[in-house]
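Here is the structure we will look at, set down as structure tokens.
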Amino acid sequence: MRVSTRQTQKSNTRKKIIETAYRIFSEKGFSVPTSIIAKEAGVSHGSIFVHFPTLNDLLICLLSDFGDNMGASLHMLAKKCYSVENLLKEHLNVLEEYEAFYSRLILEKNRLPDEAKSTFVIIQSTVAFHFSSVIDREIEKGTVKKLPIHILFNTWLGLVHYYLLNKEFFSDSNGSVIRRYRAELLSTYLNLIKKESEVYE
Amino acid sequence: MKTCIACGMPMENISDFAANDQGKDYCVHCSRPDGEMQSFEEKKENLTKFIVRTQGFDESAAGKIAENMMRKLPAWKKYFD
Ligand SMILES: [Zn+2]
């Protein structure tokens, strides 16, 4: 099927808006006006509204990309018989890939439009779903301490979020906080939750 | 690949389908023991309990999240119009 030039142009514009919004929001936060996004993307302000009638529509599009990637990566692991260690590593891999964007999300979550906020919570619930299915199995096998799933999940997320939210203290440059601390965070967390005979090296 | 109309889960293996029946549009987690699909109320209650168990949220907050998840799925759309 032949795609018309007009259609190609339209999808190029959409792509440019998405890439620019992702970059600007990550750098400066979600309150940057769409007129700035348009200017940076080199498109007319009006064309943003053609593709994304509201800020919420644009945010949902960016969030869905992040959520689909996270969901697909963790789901792929789920098909194998994976360990909690592998799951957490993969979680960090995806977070590192989206680090600046994700840090903005957790910092500004309460100021996002309701639907965007809800989309973010649903993404975290998907992570919790995969986390719980692995942890349930490990608790049953006796490799992880029998602690409530939600505390195990929230402890992990709280730890990672603390480092992301305090990047200015944990990192002296623009380098990734996750890349710098991932080994320490992982091994410490695993040592906390594993049964003693299973201590993680 | 088919995804469950009631929870969105990808269904790859035959054991993912309700009653091991690949003709079904919903998954093993969304079916009752007799193979029928759970009702709106049953699914909402199960999802809410699951969110409370895995994330520790307050039950009414978890109930709202469960509804927002269901809102996007083909099986439950009509309950939100
Ligand atoms: Zn299902």
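The values are calculated or read from the model by the stated rules, or taken from the named source; none is laboratory data. Keep in mind the model is a prediction, meaning the values are calculated, not measured. Neighbour counts run over all protein chains shown; Cβ positions are idealised from the backbone, glycine included.
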Could you tell me which residue of segment A:141-153 is farthest from the other protein chains (Cβ to nearest Cβ), considering only residues that are surrounded by fewer than 17 Cβ atoms within 10 Å (Cβ to Cβ) and in a helix (DSSP H, G or I)? A:Lys141
Could you please find all residues in segment B:8-30 being away from chain A (no Cβ under 14 Å) and on the phi > 0 side of the Ramachandran plot? B:Ala19, B:Asn20
Has segment A:98-110 got at least one residue that is in a helix (DSSP H, G or I) and over 23 Å from A:Asn166 (Cβ atoms)? no
B:Ile5, sole failed condition from (1) out of contact with any Asp or Glu (no Cβ under 7 Å at 6 or more places or on another chain); (2) touching a residue at least 40 places away in the same chain (Cβ under 8 Å): (1)
For the condition more than 13 Å from chain B (Cβ to nearest Cβ), in contact with a helix residue (DSSP H, G or I) (Cβ under 7 Å, 6 or more places away or on another chain) and in contact (Cβ under 8 Å) with a residue 60 or more places away in the chain, what is the one hit in A:Tyr82, A:Tyr98, A:Tyr102? A:Tyr102
Looking only at residues in segment B:6-36 that are over 23 Å from A:Lys80 (Cα atoms) and surrounded by 19 or more Cβ atoms within 10 Å (Cβ to Cβ), which one is farthest from the ligand (Cβ to nearest atom)? B:Lys24
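Are any residues in segment B:48-60 under 15 Å from B:His29 (Cβ atoms) and within 9 Å of chain A (Cβ to nearest Cβ), and if so, which ones?
B:Phe50, B:Ile51, B:Arg53, B:Thr54, listed by residue number.
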Identify, by number, the condition in (1) buried (at least 18 other Cβ atoms within 10 Å of the Cβ); (2) more than 14 Å from chain B (Cβ to nearest Cβ) that A:Phe120 doesn't meet. (2)
Could you tell me which residue of segment A:51-76 is surrounded by the fewest Cβ atoms within 10 Å (Cβ to Cβ), considering only residues that are of a type outside the set (Ser, Thr, Tyr) and outside any helix (DSSP H, G or I)? A:Pro53
Which ones in segment B:61-81 are part of a helix (DSSP H, G or I) and either more than 14 Å from chain A (Cβ to nearest Cβ) or among the hydrophobic types (A, V, I, L, M, F, W, C) (or both)? B:Ala61, B:Ala62, B:Ile65, B:Ala66, B:Met69, B:Met70, B:Lys77, B:Lys78, B:Tyr79, B:Phe80
Can you name the condition, by its number, that B:Glu41 falls short on among (1) part of a helix (DSSP H, G or I); (2) charged (D, E, K, R); (3) within 13 Å of the ligand (Cβ to nearest atom)? (3)
Can you find a residue that is within 21 Å of A:Gly29 (Cα to Cα), charged (D, E, K, R) and modelled with pLDDT under 95 anywhere in segment A:98-112? yes
